[in-house]
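Below is one structure; the comments refer to it alone.
The values are calculated or read from the model by the stated rules, or taken from the named source; none is laboratory data. Since this is a predicted model, take the numbers as computed values, not measurements. Every residue, glycine as well, gets a Cβ built from its backbone with ideal geometry; the counts of neighbours run over all protein chains shown.
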Amino acid sequence: MQDHIDARGLSCPQPVILTKKALEAGDSVITVVDNEAALENVSRLAQGLGYNVEVEQQGKDYHIHIEKTATRREQIEFNHGVILITGQYLGRGDDALGKILMKSFLYTLAQMKDTVTTLIFINSGVALTSQGSEVLDHLLELEQSGIEILSCGTCLDFYNLKNKLMVGQVSNMYSILERISAADKVITI
């Protein structure tokens, strides 16, 4: 039996949480949302878990058809760590020095690719993944090496950077906490 979730009018992360609970209870779900952010977040969750996703637009609503596939992963597994980047400068004090340190940190991390699996950018840290950032080359190198790069969608919206994201993908608090709780280690800077 297919479960139906009406997530219209719900704010992040509710559509994702309701869909995940329904997927834990069954093999297929139709989630109905009324905005593109929820569409992206629910689709990304299902695809990340290995489900087949098809979207049907009906008027202003999106019907997300999610079906179990033969290769569905039971859960996201990480063997290394997550780095949570909470600002565009490394450390507290002088911003010019913090900018230099962040650039050096990300350059060094790009040279040590096997140390983390995910970089998560929140608050003003999302400026680092956006147009005009001086560290985009380092982040692109990290992404190309297989490191997942996530930027908080709420933060991108707050700083008016959602349309300027240049590396990685837009994420939500549910996915961020999922990565953090599954990690062997979490480093916050």
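Select from segment 6-44 the residues that are at pLDDT below 90 and basic (Lys, Arg) and write down the one among them that is farthest from ASN163 (Cα to Cα).
LYS21
Here are some conditions: (1) of a type outside the set (D, E, K, R); (2) outside any loop (DSSP other than H, G, I, E, B); (3) more than 28 Å from ALA37 (Cβ to Cβ); (4) in contact (Cβ under 8 Å) with a residue 12 or more places away in the chain. LEU90 meets all but one. Which one does it not meet?
(2)
Looking at (1) at pLDDT 85 or above; (2) among the hydrophobic types (A, V, I, L, M, F, W, C); (3) crowded, with 16+ Cβ neighbours inside 10 Å, which is the only condition ALA96 fails?
(3)
Within segment 144-189, work out how many residues are in contact (Cβ under 8 Å) with a residue 40 or more places away in the chain, touching a strand residue (DSSP E or B) at 6+ places or on another chain (Cβ under 8 Å) and of a type outside the set (Asp, Glu).
17
Give me the residue from segment 166-187 that is assigned to a strand (DSSP E or B) and of a type in the set (Val, Ile, Thr) and, out of that set, nearest to ILE17 (Cα to Cα).
Checked segment 166-187; the qualifying residue nearest to ILE17 (Cα to Cα) is VAL170.
Give the number of residues within segment 97-150 that are part of a helix (DSSP H, G or I) and of a type in the set (Phe, Trp, Tyr).
Counting residues in segment 97-150 that are part of a helix (DSSP H, G or I) and of a type in the set (Phe, Trp, Tyr) gives 2.
Here is a yes/no grid of residues against (1) aromatic (Phe, Trp, Tyr); (2) closer than 22 Å to CYS12 by Cβ; (3) at pLDDT 95 or above:
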residue: ASN79; (1), (2), (3): no, no, no
residue: ILE85; (1), (2), (3): no, yes, yes
residue: ASP114; (1), (2), (3): no, no, no
residue: PHE121; (1), (2), (3): yes, yes, yes
residue: SER133; (1), (2), (3): no, no, yes
residue: LEU142; (1), (2), (3): no, no, no
residue: ILE149; (1), (2), (3): no, yes, yes
residue: ASN160; (1), (2), (3): no, yes, yes
residue: ILE176; (1), (2), (3): no, yes, no
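If you go through segment 11-55 one residue at a time, how many are in contact (Cβ under 8 Å) with a residue 40 or more places away in the chain, assigned to a loop (DSSP other than H, G, I, E, B) and under 20 Å from GLN169 (Cβ atoms)?
The qualifying residues number 2.
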